[in-house]
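Before any comments, here is the structure.
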Amino acid sequence: MNNWYESFLRENLQKKKTDYSRLISQRDSLSDGINHLPTPSLYRNMLLQSIAISDRLNGYTLSAGHPLLLYGIQYYERFLAGASEDYAKYVCITAGATSAIQMTMHYLLESKKANHIILAGMSYYLFQKIAEQCGTSWKTVLPESGCFPTSVQLCSEIAKNPWGVVILTQPANPSGELYTEAQLSEVIRACHNHHSTLLLDICQMDELTAETSFLNYGKLIIREEAIDDVIIINSFSKIRSLAGARLGYIVTSDVCLFDFVSYCNEMLYFNHPLGYEYAIIMDLTYRMVLRTGENQLPSLLRNIRNIILQTTGIEAYNTYFKSAIRSKMIYSDARAFQREVKANMKIIHNNYRYALEKVSSISDLRITSLQGGYNFCIYLPNYGRQSEAALCKELSDYMRTGLLFQSCFCTLVEEGCDGYWFRVSAAMSEEKFKQYITKFIEWSDLYGNDRKQNL
């Protein structure tokens, strides 16, 4: 029997209460993982232009994705890595990062390229579901008290359990933590040495807003000679506030994976929606322009122009791209786009600093370090020795918002334990965020202290 259907029957017939609406909710939630900040004007303007004068929106594209995205993203990934044809051999566009994860994981597990899953810290619940569907063992590697393991701890687990697929989300979701360049190199090297595949999910990594130097994963992969050992999954949804666009992609050197994802796109999803691809290419162009000196700029723009012409034609180039690419102010345009993106990141950091200040004022509460992305975790002591579900409901009801606690992130929970972590998403207006945090601190003062005194 198809194991997808078997999994559904097992849960449904046993009347197991699996409420996925609490994991991804349509209402405002402090834990929903959605970027609620404004979409950059580049995307809004080019989408409106597409709606007004283009017939792309009522058509389909190729199974692997729109050719402009395929070749544009491939060129960008190679540009970042400083590589040519050896790196990013295949790019496949998917209906969001979620479908990319699902198809890639099933390919690796059911083709026996990996026989178990190692999760680097708390992770997206889909990884656990896929393991269950494939009848595969999985383990979440965690420190004694935290959400994300050290690189030494993760490498030790990889060495003890070779031939696995190692899931590493950078920045970590839900905790927002990041490995350094040296630490990521250690993990890549461990996977290469122990016959493991690293699935590197970088959906919240944004070079335009990195407060420290951008962690150039492509260069690390090439330096460690691990091109065949790493699969990259990325999306534009998180960093550009495009949750509804469903635009993700996979970078791989495995032609069979590329063919499999293209096949699944055709059979299951019929691929990504159209309308955003022109804005994405300009987004990537601006990123590359900001990394390019004046002497190299003409060559870069010529290559981008050729990709656009070969995949969309002269009419589309003249209508959508020519004025921007040939502009004498392209550096200024790119910096203006960067400033707009950074304005959203400033809101996220302001929200985090507010939460950090308030949480740090109460003993026993803990908060993870937001080093990238916009999600972080808060540790809530369980003075009343309640179950996770009971404590989550009580706090959610008080704050009037949905909350996702640690069992939603592939982490086994001992009921009635000392405390639980829950995810906080900071990508919302400062006013709304402060209201949520104020309610949380209020609840902690009222209920936490009372229960602590009654122990």
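The values are calculated or read from the model by the stated rules, or taken from the named source; none is laboratory data. Since the model is a prediction, treat every value here as computed from it, not as a measurement. Note that each Cβ is placed from the backbone with ideal geometry, even for glycine, and that neighbours are counted across all protein chains shown.
One residue stands out in the stretch 260-285 among those that are part of a helix (DSSP H, G or I) and among the polar types (S, T, N, Q): the one that is surrounded by the most Cβ atoms within 10 Å (Cβ to Cβ), namely T285. Residues in the stretch 70-123 that are outside any helix (DSSP H, G or I) and out of contact with any Ser or Thr (no Cβ under 9 Å at 6 or more places or on another chain) were compared, and the one that is surrounded by the most Cβ atoms within 10 Å (Cβ to Cβ) is A95. Among the criteria (1) in contact with a helix residue (DSSP H, G or I) (Cβ under 9 Å, 6 or more places away or on another chain); (2) on the phi > 0 side of the Ramachandran plot, the one Y71 does not fulfil is (2).
In the stretch 132-147, of all residues being touching a helix residue (DSSP H, G or I) at 6+ places or on another chain (Cβ under 9 Å) and part of a loop (DSSP other than H, G, I, E, B), the one that is nearest to T197 (Cα to Cα) corresponds to T136.
Please verify whether C155 is more than 20 Å from T252 (Cα to Cα), assigned to a helix (DSSP H, G or I), touching a helix residue (DSSP H, G or I) at 6+ places or on another chain (Cβ under 9 Å) and hydrophobic (A, V, I, L, M, F, W, C), treating the condition exactly as stated.
Details: more than 20 Å from T252 (Cα to Cα): yes; assigned to a helix (DSSP H, G or I): yes; touching a helix residue (DSSP H, G or I) at 6+ places or on another chain (Cβ under 9 Å): yes; hydrophobic (A, V, I, L, M, F, W, C): yes.
The answer is yes for C155.
Residues considered: L257, L300, L309. Of these, the only one that is farther than 27 Å from I221 by Cβ, modelled with pLDDT of 95 or more and assigned to a helix (DSSP H, G or I) is L309. For the subset of the stretch 351-366 comprising residues that are in a helix (DSSP H, G or I) and of a type in the set (A, V, I, L, M), which member is surrounded by the most Cβ atoms within 10 Å (Cβ to Cβ)? Step by step, filter the stretch 351-366, then rank; the result is A355. Let me confirm something: among Y320, Y383, Y354, Y278, which residue is farther than 30 Å from Y179 by Cβ, in contact (Cβ under 8 Å) with a residue 40 or more places away in the chain and assigned by TED's automatic domain parsing to the domain that holds D445? Testing whether each residue is farther than 30 Å from Y179 by Cβ, in contact (Cβ under 8 Å) with a residue 40 or more places away in the chain and assigned by TED's automatic domain parsing to the domain that holds D445 leaves just Y383. Determine, yes or no, whether S332 is more than 17 Å from I280 (Cα to Cα), free of Cβ contacts under 8 Å to residues at least 12 places away in the same chain and of a type in the set (S, T, N, Q). For S332, the condition - more than 17 Å from I280 (Cα to Cα), free of Cβ contacts under 8 Å to residues at least 12 places away in the same chain and of a type in the set (S, T, N, Q) - is met.
When R223, R246, R240 are checked against the criterion of being charged (D, E, K, R) and more than 27 Å from R305 (Cα to Cα), a single residue qualifies: R223. For the stretch 171-211, the set of residues classified as among the polar types (S, T, N, Q) and over 22 Å from D254 (Cα atoms) consists of N173, S175, T180, Q183, Q204, T209, listed by residue number. Of the numbered criteria (1) modelled with pLDDT of 95 or more; (2) hydrophobic (A, V, I, L, M, F, W, C); (3) in a loop (DSSP other than H, G, I, E, B), the one M288 fails is (3). Scanning the stretch 238-264 for residues that are more than 18 Å from T61 (Cβ to Cβ) and either under 12 Å from the mean Cα position of the chain (by Cα) or polar (S, T, N, Q) (or both) yields K238, I239, R240, S241, A243, T252, S253.
Screening K328 on (1) under 23 Å from S175 (Cβ atoms); (2) not in a helix (DSSP H, G or I) shows it passes everything except condition (1).
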